[in-house]
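J.: Here it is: the structure, laid out below.
The values are calculated or read from the model by the stated rules, or taken from the named source; none is laboratory data. Note that the structure is predicted; figures quoted are calculated from it, not measured. Backbone-built Cβ (ideal geometry, glycine too); neighbour counts: all protein chains shown. Side chains are part of the model used for accessible areas, which takes the heavy atoms of the whole protein and leaves out ligands, DNA and RNA. Shrake-Rupley method; radii C 1.70, N 1.55, O 1.52, S 1.80 Å.
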Amino acid sequence: MLVHTDQLTKRYGDFSALDACSMTVREGDIFGLLGPNGAGKTTLLRLLLGFIQPTSGASCVAGFDCVHQSLEVRSRTAYLPGEARLFRRMNGHQVLDFFASLRRECQRDVASRVAKRIDLDCSRQVARMSTGMRQKLALAIVFAIESPLMILDEPTANLDPTARGEVLSMVCEARKAGRTVIFSSHVLSEVESTCDHVAILRAGRLVHEQPLEHLRRCHRITAQLTGSLAAVPVELNCHVTITEEAGGRVVLEASDSLAPLLGWLSTLPLKEVRIEPVGLAAVYDRFHREKNDS
């Protein structure tokens, strides 16, 4: 594991920005953090980097304690904050020059290639750049830093669709190069297509974790029957859940390969059947709909 937290908590008075968060990020994975504004995603990232101190609990990155060895943690991390602030009087080239001189792991030639790849005009003054252009400039800096860990807080915010696609491709390329990426996003499709593992935060609490490989094997089966539903075979009990049954309509969720289930389905008095992937949106809504309904 490269990143580990144990009951990590941050409180401001009676308000818990992060509450008893325990999680592990494996080396070489893209780890997705999901949750609405105020869920605790940015608080978690800032605690990992030692920018703020926890109320209780512990965390480490690459074996270094995030509180007592925060400099070692940051030296091994490339971090894109949610709102990157850059020198407004400099142009893009000068900003890239500055960060390349500030940090030896930041490779100036790589920054130039990234800027070109995401179609950034570095000759323009930062003050005259759009929000999306400033985001591209920050991305060029972060992707040019050679580090075992990348922490990206909403990396595709304010980007056009073409640039979004390039950024997601670069994230996948970073994984192929052996780097670990923590990817915070509001865009479920980006996380689902890119990440190896996902964690969902709600009101400061980690409410769900799941490997995306497992999620991609999950399916929802909606069937209309002309007769009664036979009991689920014992060997399928741990893989199939009946989530709805009324008026001849039954909805099942399968959490593993469909092959064994299809044999059983073929024995049922089926009138209609529809099989579809569960998808990350359904998992996300399961937790956040609970909050809205409460």
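J.: Filter segment 115-174 for residues that are open to solvent by 60 Å² or more (accessible area, probe 1.4 Å), within 23 Å of LEU49 (Cα to Cα) and out of contact with any Leu (no Cβ under 9 Å at 6 or more places or on another chain) and give the result.
T.: GLU146
J.: While we're looking at this one, here's another question. If you scan segment 146-173, which residues turn out to be out of contact with any Ser or Thr (no Cβ under 8 Å at 6 or more places or on another chain) and hydrophobic (A, V, I, L, M, F, W, C)?
T.: ALA157, LEU159, MET170, listed by residue number.
J.: Right, something else. Just give me the residues in segment 50-78 being farther than 17 Å from LEU201 by Cβ, assigned to a loop (DSSP other than H, G, I, E, B) and hydrophobic (A, V, I, L, M, F, W, C), in sequence order.
T.: Across segment 50-78, the qualifying residues are PHE51, ALA62, CYS66, VAL67.
J.: While we're here: Looking at segment 17-37, which of the residues that are more than 13 Å from GLY204 (Cα to Cα) and among the charged types (D, E, K, R) is most open to solvent (accessible area, probe 1.4 Å)?
T.: ARG26
J.: Can I ask one more? Tell me yes or no: at least one residue of segment 100-112 is open to solvent by less than 30 Å² (accessible area, probe 1.4 Å) and within 21 Å of the chain's Cα centre (by Cα). Talk me through it step by step, then tell me what you get.
T.: Filtering segment 100-112 for residues open to solvent by less than 30 Å² (accessible area, probe 1.4 Å) gives 100, 106, 110-111.
The next check asks that each one be within 21 Å of the chain's Cα centre (by Cα); those that pass are none.
No, segment 100-112 contains no residue that is open to solvent by less than 30 Å² (accessible area, probe 1.4 Å) and within 21 Å of the chain's Cα centre (by Cα).
J.: Taking the condition of being over 29 Å from GLY32 (Cβ atoms) and in a helix (DSSP H, G or I), how many residues in segment 230-285 meet it? Working first, answer last.
T.: Taking segment 230-285 as the starting set, the residues that turn out to be over 29 Å from GLY32 (Cβ atoms) are 230-237, 242, 245-250, 260, 262-273.
Filter once more, keeping what is in a helix (DSSP H, G or I): 234-236, 260, 262-265.
Total satisfying the criteria: 8.
J.: Taking segment 1-16 as the region of interest, how many residues are farther than 28 Å from ARG175 by Cα and open to solvent by less than 10 Å² (accessible area, probe 1.4 Å)?
T.: Qualifying residue count, segment 1-16: 1.
J.: Another question, then. Taking the options HIS239, HIS288, HIS219, name whichever one is over 30 Å from ASP19 (Cα atoms) and either open to solvent by less than 40 Å² (accessible area, probe 1.4 Å) or among the hydroxyl-bearing types (Ser, Thr, Tyr) (or both).
T.: HIS219
J.: Further question on the same structure: Exactly one condition in (1) open to solvent by 50 Å² or more (accessible area, probe 1.4 Å); (2) at pLDDT below 85; (3) in contact with a His (Cβ under 7 Å, 6 or more places away or on another chain) is not met by PRO211; state its number.
T.: All conditions pass for PRO211, except number (2).
J.: Go through segment 189-209 and give me each residue that's touching a strand residue (DSSP E or B) at 6+ places or on another chain (Cβ under 7 Å) and assigned to a helix (DSSP H, G or I). Spell out how you get there, then give the answer.
T.: First, the residues of segment 189-209 that are touching a strand residue (DSSP E or B) at 6+ places or on another chain (Cβ under 7 Å): 191, 194-201, 204-209.
Hits for segment 189-209 are VAL191, THR194.
J.: Check segment 254-263 and report whether any residue there is in contact (Cβ under 8 Å) with a residue 24 or more places away in the chain, of a type in the set (A, V, I, L, M, F, W, C), surrounded by 15 or more Cβ atoms within 10 Å (Cβ to Cβ) and closer than 18 Å to ALA282 by Cα.
T.: yes
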